[in-house]
Every structure is written in structure tokens, then in C-alpha cells.
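Inspection log for the structure reproduced underneath, given as C-alpha cells.
The values are calculated or read from the model by the stated rules, or taken from the named source; none is laboratory data. Here the structure is a predicted model, which is why all the values come from computation and not from measurement. Counting neighbours? That spans all protein chains shown, and the Cβs are built from the backbone with ideal geometry, glycine included.
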2 protein chains.
Amino acid sequence: MNYADRLQQAIDQRGNACLVGLDPILDLLPPEFAAARDVTRTRAERARALGDFCCEVIDVVAGRIPAVKPQSAFFEALGSDGVRQFERIVATARNAGLLVIADVKRGDIASTAEAYAHAFLGGVPGVHADELADAVTLSPYLGSDSIGPFLEICKRTGRGCYVLVRTSNKGSADFQRHGSPELSFQVADAVVKWGAELVGESGLSSVGAVVGATHGAELASFRERMPRTPFLLPGYGAQGAGAKDVVGAFLPTSGAPRGALVNSSRGILFAYREPRFAGKSWKDATRGALDAMIQDLGAALGAR
Amino acid sequence: MNYADRLQQAIDQRGNACLVGLDPILDLLPPEFAAARDVTRTRAERARALGDFCCEVIDVVAGRIPAVKPQSAFFEALGSDGVRQFERIVATARNAGLLVIADVKRGDIASTAEAYAHAFLGGVPGVHADELADAVTLSPYLGSDSIGPFLEICKRTGRGCYVLVRTSNKGSADFQRHGSPELSFQVADAVVKWGAELVGESGLSSVGAVVGATHGAELASFRERMPRTPFLLPGYGAQGAGAKDVVGAFLPTSGAPRGALVNSSRGILFAYREPRFAGKSWKDATRGALDAMIQDLGAALGAR
């Protein structure tokens, strides 16, 4: 089954389109995991604490949401020890029934792009199949031939990718809005073309687009340009976007949400730091924040 | 001493501006390292063979050229075991007196970009200082706030970065030439701005630009736009560009080359496969190909 169909199945099963970003920022980790930022520990010990935290988060969210999105950078910051933990949490999340989107934003040419595709999505025999992701995020700056090797492997292995179209940060306007039509529209058109051969039974493609939830008013025009593209919407919560901002990214449906995942990272992982969860354990705070997000998003979609 | 000055010092010492890309493509490795592609071996054994090959290449090129550029993708394809070997070859190259440019083409926002900067350039206490690179390649799609954290760390630690401006591949035209003026010119102007506070005693900045050697005629216009920017020029050799194509990227000087590094990867690492080196060991072939590159580049620069 291709990625788009597996994704829609997971959304149908859970009844929501919430994506939890596993961004274990050292300075924000609960005190139980302070070993991760203790420079007197070995790097391997620090990395293990990072992995332990993410595994416990996975335990809290599994069964409630369709997918998680681990952010590679926070693991790479602890070198190969960190990468070993990234592999561990990918495997842990998949074994817990979650789809895994590896947030790596890679982009390189030809044989190099192929090596990255092998690294995260597989397609070569004998190499760490348990630790491969279901989908990966990609940066389009190098053009079509940097995306091609990923499309090949997605086709062969039933996996997916999300191409950065319009990111959630303020600086996204610097280059993504360059030209007329703006660059992000040109990338959007390319995403549609790349994804044409990967449309599944759900009517959606396995080639998705990253579009910041922070660009509320523009979301509808991106949706119009990319009618069969699954969206990954960062920027919810800590970055400022709310449930009403993302409604325009979803496809019309009478049942479960369709066509987008809404990501929150810090707002879920580090909810224990918010006054509204004062006195609660970090796990209860995370659970509470996720419940609130599921409810808010469901209400906003229901009110369409 | 800042990165630009250390780089120019290394170029002065070696008398050339050749950069060897460490791209250990599994299928092209000499038979001595066939373990790297043997799927009956463990992943750690395969990764070690990859690392062994690169360490032997480093042994051949050390003392002859200013810098090497390991390509992270080929190591990541073997998971955390591969990343461990990436760390090993970074340390080996630095200990052999080579500058190391980690070719990782990362690009992400805010705290995530900072984590990547920590991963490759350091700036946090207690974490794998031996295995940090001198400079890193970056993708600009996410805008200024994705570059900022790297500039901070370059300033604090005397390290450098090279931002993708116009890559060597055919698909580079897809988005990099979008708009008028084309996007790559806008990125070039941003590179100048980002690098203004990192200009060293050499008159060059520690913020460099990746400009494909395959765009011969345009190199001079990029050089005009970025007069204090060190260029990293991929595309030499296997990708089709020759010594005459890259001359326009260098700054005028009567001594050692100034202002650019010319990269060759496959043409050096896998020279043993070329008919002209038939009957030679892979090391002799690699040594011969590097000597030829140094000579060709020197002659073309001397004839200016």
C-alpha cells in the first residue's frame, strides 16, 4: 500500500490529523531527563536520556494520533550516539503503530540524493530496515534531479516524502516569495508534477508539501494549486497558528480529516512548562495538551 | 584565526586550491573495500570498510592539498554506524593537517538550525570537539533565519560555511534561475550581507558560496557580485568542467590561488577505473589523478 493510503487509513483510525513533532530541545527537557544536558556525562549517556524522553512521549501519544515527526537535528547534535537514538525512536514509534515522518530536510544531487533516500527510506538490501521512516522531508533548492531518486524509492517501497514549499518561519519570505509568480508557487506546481505517478486509492499522492500553518490566508491558494497533495503544516501552537488557521488546508469530507497533518512540537512535548499545567507531571501535561489540540482541531474542522 | 584566513594560509602552504570530495560511493570502491557493499556483513563492518577507504585516501592527499570535503550522505546511508565513520574521517583528516568542509547541505529554522550548527561546528561545551568540521555547506531555501545560527557559531569558533548559490547539476536551473533577477543572484547578495561581519585579515569572508564549475560563463558575474566570498566549485572532472572553466572564479593575485576551492570527488577517488591508469593500484591512480588536477589548475591560473 502506498504512503498516502497508509496515512489516510491511520487518520481514519485515530479520527484526527494531529502530528507530534519529536524535537527534544535539551534546555526544555523535563528534569527527569537532565542527564541529556549534563556535560559531565558521556555523549552516549546524554543521547540515551534524549532517546528515553522521546520513547516516553511515544508511549503517551501512541494510539491517539496517526503519526510522529522526529527532528533529526537534535539527535545529530549528539553525533553518532544521537543518530543511534534517532534510529531507536523511529523503530519504537513504528512498533507502537505510528507512522514516522523523518524531518531531515535533505536535498542533494544524483547519487548523493540516492544515498540519502537509502538512509531514511531504504530500498537497498541488508541495511537497517527496522529503523526506516515512512516518509521524509525534502528541500527543493537543487531542483528536480534532487527529488527524483526519492520518488523512485517511494514508488518501490510504498514510502512518501514532503517537499518544503512555504515554511512556517518569518525568513521564509526571503527566497520562497522571490519572483512572480513567487518561487513557492513554482515549487508547488513541481510537487504536483512529481506526485502525479504516486497517487493512491485515496486520491492523494505520496508526494506531500510542507506549508506553514502560520500563513493562514495563503493556505487556501496552496490547496487550490495542489489538490491531491497531502500537506504537512508546521507552526501550530508555539509558533502562533491556531486550529482556525489550518482549516483551509484540509479537503472537504464528511468523515475523518483528509489531506493534511497539523504538527505541534514544543506545545506538546514541553507543555509541563505552561502555567495551565502547573502541578501536573510532564506526561499528564503532554497528554492534556494533546487532548486539547485534538479537540480544538476537531471543533474547527467540524464547524466548516 | 577565522576560517577564511586559515583557508588562505592552507592554500598558500600547499600552493594549490584543490579540494578532494570524500564521496565513498559503494559500487565504485576498489575491490579491497568490497566489504562495504557486502550485504552479508553487519552494518558496522560495512561502515568500517567505507571509513578505511576514506582514511587511506586522506593518507594519499594529506600534505598536498589544503582541504577535503566528506559527503555526509554516503555515511548516513549506513545509519549511525556510518555516521560514526564520518566522525572518524573528520578527525583523521584534521589530524593530518587538512581543513575539513562537511558537505551536509543542512537548512532548517531557529533552534533546529542551531542544533545542526552544534552538530557540525560545535559551540557547546563537552560535545565531540575532535570530530567537528572547519566549515559546513548550507541550503538557503528557508531564508536568513536558517543561516543566522551558523553565523553566530562561526563568529564564536572561527569556523566557516558555504551557502548553496548555484549548484553544478542540470536541475539547478529549475528554481535557482527563477525570477528576475534570478534567485541565485538574490541568494548571492544575501551571502555578501551575511558574510560582512566575518571578513578576515585575508580580505575574504568566512561565509562562502557554492557555485558549480559547470556554469563557466556565469562564474565571472557571480564573482563580481561576491567580491570577498570564498567560492567552493563542484563539478570539476567527472561532472564535466575543466581547469579553464574555473579560472574566472579566482581573485587576481601574483602568488598562490586566492578566493576559491575546486572540488573533484569521483575523478580522484575512483581514478583507478579510468583507462589511463590501467594496471596501477587504486592509490597510485588517485595520486596520479590528483597530481594532474593540481598541474592543470596551476597551468590555467598561471596563464591568466
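Please pick out the residue among B:68, B:57, B:83, B:20 that is closer than 25 Å to residue A:149 by Cα, away from chain A (no Cβ under 12 Å) and crowded, with 21+ Cβ neighbours inside 10 Å. I'd like the intermediate steps shown before the answer.
Working: B:68 fails: closer than 25 Å to residue A:149 by Cα; B:57 fails: closer than 25 Å to residue A:149 by Cα; B:83 fails: away from chain A (no Cβ under 12 Å).
Only one candidate qualifies: B:20.
How about the stretch A:105-117: which of its residues are crowded, with 22+ Cβ neighbours inside 10 Å and either within 14 Å of the chain's Cα centre (by Cα) or facing another protein chain (nearest Cβ under 7 Å) (or both)? Spell out the reasoning first.
Our first condition is that a residue be crowded, with 22+ Cβ neighbours inside 10 Å; within the stretch A:105-117, this holds for A:105-109, A:112-117.
If the condition is that a residue be crowded, with 22+ Cβ neighbours inside 10 Å and either within 14 Å of the chain's Cα centre (by Cα) or facing another protein chain (nearest Cβ under 7 Å) (or both), then A:105, A:106, A:107, A:108, A:109, A:112, A:115, A:116 are the ones that fit.
How many residues are touching a strand residue (DSSP E or B) at 6+ places or on another chain (Cβ under 9 Å) and surrounded by 20 or more Cβ atoms within 10 Å (Cβ to Cβ) when one looks only at the stretch B:160-182?
Qualifying residue count, the stretch B:160-182: 11.
Counting residues that are within 24 Å of residue A:177 (Cα to Cα) and touching a residue at least 40 places away in the same chain (Cβ under 8 Å), which helices (runs of 4 or more DSSP H) fully inside the stretch B:172-236 reach at least 1? Quick ask: steps written out before the conclusion?
Values: elements: B:173-176, B:183-195, B:216-225.
By residue number, B:183-195, B:216-225.
Residue B:221 fails exactly one of the following numbered conditions: (1) at pLDDT below 95; (2) touching a strand residue (DSSP E or B) at 6+ places or on another chain (Cβ under 9 Å). What is the number of that condition?
So the condition that residue B:221 fails would be (2).
Out of everything in the stretch B:118-140 that is crowded, with 23+ Cβ neighbours inside 10 Å, assigned to a loop (DSSP other than H, G, I, E, B) and more than 7 Å from chain A (Cβ to nearest Cβ), what residue ends up being farthest from the chain's Cα centre (by Cα)?
Per the stated criteria, the residue is B:132.
All but one of (1) more than 14 Å from the chain's Cα centre (by Cα); (2) buried (at least 24 other Cβ atoms within 10 Å of the Cβ); (3) in contact (Cβ under 8 Å) with a residue 40 or more places away in the chain hold for residue B:151; which doesn't?
Tallying (1) more than 14 Å from the chain's Cα centre (by Cα); (2) buried (at least 24 other Cβ atoms within 10 Å of the Cβ); (3) in contact (Cβ under 8 Å) with a residue 40 or more places away in the chain, residue B:151 fails exactly one: (2).
Give me the residue from the stretch B:248-259 that is among the hydrophobic types (A, V, I, L, M, F, W, C) and surrounded by fewer than 19 Cβ atoms within 10 Å (Cβ to Cβ) and, out of that set, farthest from residue B:204 (Cα to Cα).
B:256
Please enumerate the residues belonging to the stretch A:144-158 that are within 12 Å of chain B (Cβ to nearest Cβ) and part of a loop (DSSP other than H, G, I, E, B).
Matches in the stretch A:144-158: none.
Looking only at residues that are of a type in the set (D, E, K, R) and not in a strand (DSSP E or B) in the stretch B:159-171, which one is farthest from the other protein chains (Cβ to nearest Cβ)? Working first, answer last.
Taking the stretch B:159-171 as the starting set, the residues that turn out to be of a type in the set (D, E, K, R) are B:159, B:166, B:170.
Within this subset, residues satisfying the condition of being not in a strand (DSSP E or B) are B:159, B:170.
Details: B:159: 15, B:170: 6 Å.
Among them, the one singled out is B:159.
I'm trying to understand the selection: among the residues of the stretch B:273-304, which are farther than 22 Å from residue B:66 by Cβ and not in a helix (DSSP H, G or I)?
B:274, B:278, B:279, B:280, B:281
Restricting attention to the stretch A:19-55, report how many residues are more than 13 Å from residue A:89 (Cβ to Cβ), in a helix (DSSP H, G or I), modelled with pLDDT of 95 or more and of a type in the set (A, V, I, L, M).
Counting residues in the stretch A:19-55 that are more than 13 Å from residue A:89 (Cβ to Cβ), in a helix (DSSP H, G or I), modelled with pLDDT of 95 or more and of a type in the set (A, V, I, L, M) gives 5.
Would you say residue A:102 is of a type outside the set (Ser, Thr, Tyr), more than 8 Å from every other protein chain (Cβ to nearest Cβ) and in a loop (DSSP other than H, G, I, E, B)?
Considered against the rule, which asks whether it is of a type outside the set (Ser, Thr, Tyr), more than 8 Å from every other protein chain (Cβ to nearest Cβ) and in a loop (DSSP other than H, G, I, E, B), residue A:102 comes out as no.
Checking residue B:258 against (1) in contact with a His (Cβ under 9 Å, 6 or more places away or on another chain); (2) charged (D, E, K, R); (3) under 16 Å from residue B:67 (Cβ atoms): exactly one of these is not met. Which one?
In the conditions (1) in contact with a His (Cβ under 9 Å, 6 or more places away or on another chain); (2) charged (D, E, K, R); (3) under 16 Å from residue B:67 (Cβ atoms), residue B:258 misses (1) alone.
Would you point out which residue out of A:183, A:232 is more than 13 Å from chain B (Cβ to nearest Cβ), at pLDDT 95 or above and within 19 Å of residue A:169 (Cα to Cα)? Write out each step before concluding.
Details: A:183 fails: more than 13 Å from chain B (Cβ to nearest Cβ).
Only one candidate qualifies: A:232.
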